[in-house]
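Reading through the structure tokens given below for one structure.
The values are calculated or read from the model by the stated rules, or taken from the named source; none is laboratory data. Just so it is clear, the structure is predicted and the values come from calculations on it, not from any experiment. Glycine also receives a Cβ, built like all others from the backbone with ideal geometry; neighbour counts cover every protein chain displayed.
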Amino acid sequence: MTMGCYEGALRSVIMAVKSQGHRAAGRELARLGVDSWMEHQLRFPNRPTICPIAASSSGQRLRGFSFPHMLATELHRRTSWPLLESSTARLFPSDTGRSRGLGLTDRWARRLRRQPEETLPKSVRGPLVLIDDVVTTGATMTSTVTVAHQLGFEPIVGLALAVAPSV
């Protein structure tokens, strides 16, 4: 579910936040994005967990914040749904840079709770809301949904501010 197509004014504002680090614009866009998502009356069998898809390390360093995390924090503020704070780490690389010998499921589990998949608390599983700023090809969202499903999250809903015209 998105606010719109990644073009025109929406693209310009998102780029100002992502490339130039405009926090105020990011906070306002997060508020508007959550308004848009909430209009769809998201319903789940029980409280979902919110998980922002991690921003690139270089982009996060450049602007000093993660825009997907800003969006997720606003959704958490408005709904009180649990927010995975550790999800600001990159999805596939490990925290230590040492991923040799770990499968994708264990890497993602470590990202969620810094634990192997077998010890991931059952309270973390269940409905999941993935948050990203822009879906360009859909590859990141698709791979994240696949791994989240393997970890026992269901249903899984993806929310973004915008989607590229080609997706």
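Some notes on this structure:
- Of all residues in the range 39-73, those satisfying the criterion of being hydrophobic (A, V, I, L, M, F, W, C) and either farther than 28 Å from GLY152 by Cβ or not in a loop (DSSP other than H, G, I, E, B) (or both) are ILE50, CYS51, LEU62, PHE65, PHE67, MET70, LEU71, ALA72.
- Restricting the range 138-167 to residues that are at pLDDT 90 or above and among the aliphatic types (A, V, I, L, M) leaves a set whose member that is farthest from THR2 (Cα to Cα) is ILE156.
- Boolean, THR49 is of a type in the set (S, T, N, Q), surrounded by 20 or more Cβ atoms within 10 Å (Cβ to Cβ) and modelled with pLDDT of 85 or more: yes
- Checking each residue in the range 52-104 for being among the aliphatic types (A, V, I, L, M), under 30 Å from ASP35 (Cβ atoms), modelled with pLDDT under 85 and out of contact with any Cys (no Cβ under 9 Å at 6 or more places or on another chain) picks out ALA54, ALA55, LEU62, ALA89, LEU91.
- The range 107-137, subset in contact with a Gly (Cβ under 9 Å, 6 or more places away or on another chain) and under 21 Å from MET70 (Cα atoms), residue modelled with the lowest pLDDT: VAL124
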